[in-house]
């Protein structure tokens, strides 16, 4: 299949030499392995040669590639955490979700990919400079049509939307969002938050219990790559270890009558 003009591609030589670019015919890419000129017509999986003879391949970028390559003004949520968060929330095509703490837009991109063109991501950020950068990142990923951004503090002003399936919270004081999120969620909707410190987790857990959430659970996800060689397969010395504690919960309705 042919790559469309304006589509993002991963120009790949190795894990240490991979470049996420927007395809434009004739575009030049400067790398430490030489300069690459993109042809007028580009096929997925095609091999490209740099001007010093190094071979690169044209690959479809994974969601992780796109999310990890955003221009960062904040720390981002790693794919290892985001994947578990979205699976635990049970969201999919057509889902309507909240995101609190847009940051650099990394999670926004992952959520937008999952909910699809029929879904909606409502993303809230308090810092204007963060929001502007995040909007630019989401637009570059071609997903802005399924995201609504708001410069707003929902802990003070609420969300202004209801019947939401899941809320993803990544702010320093997640417990301040528990009541506004409860009001925005549909019955059975999911709370998902990520916090770097256990004190934050405990304060949020307490607020969730007091507000009437159930099935409250905290987990930590660790990722260790395996080094595969002809002789001596073993774990790599370094790994993506602690990035945050994930807290999940479900909204339930009070007994009727």
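Details
- Filter result for the condition that a residue is assigned by TED's automatic domain parsing to the domain that holds residue 120, more than 18 Å from residue 107 (Cβ to Cβ) and touching a helix residue (DSSP H, G or I) at 6+ places or on another chain (Cβ under 6 Å), over 241, 155, 193: 155
- For region 58-72, the condition holds for no residue, the condition being that it is in a strand (DSSP E or B), touching a strand residue (DSSP E or B) at 6+ places or on another chain (Cβ under 8 Å) and more than 22 Å from residue 22 (Cα to Cα).
- Counted residues, region 102-119 - those being surrounded by 21 or more Cβ atoms within 10 Å (Cβ to Cβ) and more than 9 Å from the chain's Cα centre (by Cα): 4
- The number of residues in region 32-49 being closer than 16 Å to residue 9 by Cα and not in a strand (DSSP E or B) comes to 8.
Every residue, every condition in (1) over 20 Å from residue 88 (Cβ atoms); (2) under 18 Å from the mean Cα position of the chain (by Cα), yes or no:
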{"site": "166", "(1), (2)": "no, yes"}
{"site": "177", "(1), (2)": "no, no"}
{"site": "182", "(1), (2)": "no, no"}
{"site": "205", "(1), (2)": "no, no"}
{"site": "223", "(1), (2)": "no, yes"}
{"site": "239", "(1), (2)": "yes, no"}
{"site": "250", "(1), (2)": "no, no"}
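- Among the residues examined, residue 71 qualifies as assigned by TED's automatic domain parsing to the domain that holds residue 103, loosely packed, with under 13 Cβ neighbours inside 10 Å and on the phi < 0 side of the Ramachandran plot.
- Meets criteria (assigned by TED's automatic domain parsing to the domain that holds residue 92, over 25 Å from residue 78 (Cβ atoms) and surrounded by fewer than 18 Cβ atoms within 10 Å (Cβ to Cβ)) for residue 136: no
- Look at region 228-241: where a residue is touching a residue at least 40 places away in the same chain (Cβ under 8 Å) and a partner is surrounded by 10 or more Cβ atoms within 10 Å (Cβ to Cβ), sitting 6+ places away or on another chain with Cβ atoms under 7 Å, you get 240/78; 240/80; 240/223.
- Within region 1-18, being surrounded by fewer than 17 Cβ atoms within 10 Å (Cβ to Cβ) and under 26 Å from the mean Cα position of the chain (by Cα) holds for 4, 5, 6, 7, 14, 15, 16, 17.
- The numbered conditions (1) assigned by TED's automatic domain parsing to the domain that holds residue 179; (2) surrounded by fewer than 20 Cβ atoms within 10 Å (Cβ to Cβ) are all true for residue 55 except (1).
- Residue check for residue 165: crowded, with 20+ Cβ neighbours inside 10 Å and out of contact with any helix residue (DSSP H, G or I) (no Cβ under 6 Å at 6 or more places or on another chain): yes
Table: residues versus (1) surrounded by 12 or more Cβ atoms within 10 Å (Cβ to Cβ); (2) closer than 14 Å to residue 101 by Cβ.
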| residue | (1), (2) |
| --- | --- |
| 169 | yes, yes |
| 172 | no, yes |
| 204 | yes, yes |
| 211 | yes, no |
| 230 | no, no |
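The values are calculated or read from the model by the stated rules, or taken from the named source; none is laboratory data. As the structure is a computational prediction, the values presented were derived from the model and not from experiment. No Cβ is skipped: glycine too gets one built from the backbone with ideal geometry, and neighbour counts run over all protein chains shown.
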